[in-house]
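Participant: What follows is a single structure, and I will ask about it in a moment.
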Amino acid sequence: MIIAIDGPAASGKGTIAKRLAAHYGLRHLDSGLLYRGVAKAVIEGGRDPADRDAAVAAARAFEPGRYPASALKGDDVAKAASQVAAIPQVREALIAFQRSFARTRPGAVIDGRDIGTVIAPDADVKIFVTATPEERARRRLLELQGRGEAADEAAVLADILARDARDTGRAVAPLRQAPDAHLLDTTHLAIDPAVRAAIDIVEAVRAGRKPA
Ligand code: C5P
């Protein structure tokens with residue numbers, strides 16, 4: 001089984017994907033880490049993430065696992081990731097790895113922005129996870145505060161809106177809900193009920209029912 005989870009930053013898609021993978025015994029791939037890894041390599045090489053040649057070279061040389069996830073979590077890397085992710089040749093260089101991950105037994109849950117539309121258009125189940133920008137900014141702020149980082153709510157919201165705009169507005173593989181994806185709005189859901197709702201969607205699709 002392949003489950004595609006797409007959605008904007010801080011929608012809850014990563015946690016939902018991880019928990020679905022554990023629930024169904026599938027492998028999990030956070031595809032955002034691939035773009036973050038490319039961005040980190042460009043920055044480490046002293047180049048600008050908007051530098052197309054540097055970004056494409058880093059994507060073609062990309063090795064999964066080169067950086068631990070903890071080294072890729074920062075907002076600077078997130079911003080740079082959304083810049084390199086808008087370059088078509090960067091996306092192209094990362095497709096084969098993601099498709100081969102999806103095809104490997106026993107199946108996978110992959111989360112990102114274009115999984116249901118580009119990477120795995122034939123996924124068994126597609127879920128588009130969303131929440132209002134204000135709620136996503138609130139979650140992000142709590143996360144930053146939890147890590148002891150100083151953060152300003154208005155600045156976090158502005159960052160989220162800028163990243164949304166870049167991700168939905170780019171020409172190649174923009175963030176959008178696939179026509180056959182099921183919408184899961186987590187604005188008013190804590191993580192446990194959100195995961196439950198995602199499992200209900202998977203179960204309904206597997207049983208040939210229309211999810212509630
Ligand atoms: O999901 P995450 O916030 O880690 O992703 C970082 C950035 O990588 C996103 O803002 C987006 O620009 C890019 N990305 C993408 N396609 C994916 C996953 C992430 O363009 N499938």
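Just so you know, all these numbers are worked out from the coordinates, no wet-lab data involved. In this text, all values refer to a predicted model and were calculated from it rather than measured experimentally. Here Cβ is always computed from backbone atoms with ideal geometry, including for glycine, and neighbour counts include all displayed protein chains.
Participant: Ranked by Cβ crowding within 10 angstrom, fewest neighbours first, how are 188, 182, 23 ordered?
Facilitator: 188, 23, 182
Participant: Calculate how many DSSP beta bridges within the chain are antiparallel, expressed in % of all such bridges and rounded to the nearest 5. Numbers along the way, then the final one.
Facilitator: Numbers: 0 of 17 bridges.
Roughly 0 percent of the beta bridges in the chain run antiparallel, per DSSP.
Participant: Further, regarding this structure: Taking the Cα centre of each part, how many Å lie between the range 1-58 and the range 122-168?
Facilitator: 15 Å
Participant: Sticking with this one: So for the range 30-87, what are the equivalent ellipsoid semi-axes in whole Å, largest first, each being the square root of 5 times an eigenvalue of the Cα gyration tensor?
Facilitator: So the equivalent ellipsoid measures 15, 12, 10 Å along its semi-axes.
Participant: Treat every Asp and Glu Cβ in the chain as -1 and every Lys and Arg Cβ as +1, leave all other atoms uncharged, and give the resulting dipole magnitude about the Cα centre to the nearest 20 debye.
Facilitator: 600 debye
Participant: Taking only DSSP H segments of four or more residues, each worth -39500 (n - 2.57), what value at 222 nm results for the chain once the sum is divided by all its residues, to the nearest 500 deg cm²/dmol?
Facilitator: -16000 deg cm²/dmol
Participant: Here is a further query. A 19 angstrom limit on the alpha carbon distance is what I want to check against. Which of 18/73; 18/79; 18/126; 13/126 exceed it? Show your work: numbers first, answer last.
Facilitator: Values: 18/73 16 Å; 18/79 23 Å; 18/126 15 Å; 13/126 12 Å.
In this structure, 18/79 exceed 19 Å between Cα atoms.
Participant: Defining a contact as two alpha carbons under 8 Å apart and six or more residues distant in sequence, what relative contact order in percent does the range 126-202 show?
Facilitator: Relative CO of the range 126-202 lands at 44 percent.
Participant: Amide H of residue 27: which non-local residues (sequence gap of 5 or more, or other chain) have their own amide H closer than 5 Å, using H built in the peptide plane?
Facilitator: Residues meeting the criterion, in which the H sits 1.01 Å from N, are 107, 108, 109.
Participant: Once you have the alpha carbon radius of gyration of the chain, what is it after dividing by 2.2 N^0.38 Å, with N set to its residue count?
Facilitator: Expressed relative to 2.2 N^0.38 Å, the Cα Rg reads 0.99.
Participant: Could you work out the relative contact order of the chain, using alpha carbon pairs under 8 angstrom and six or more residues apart, expressed as a whole percent?
Facilitator: Here the relative contact order equals 32 percent.
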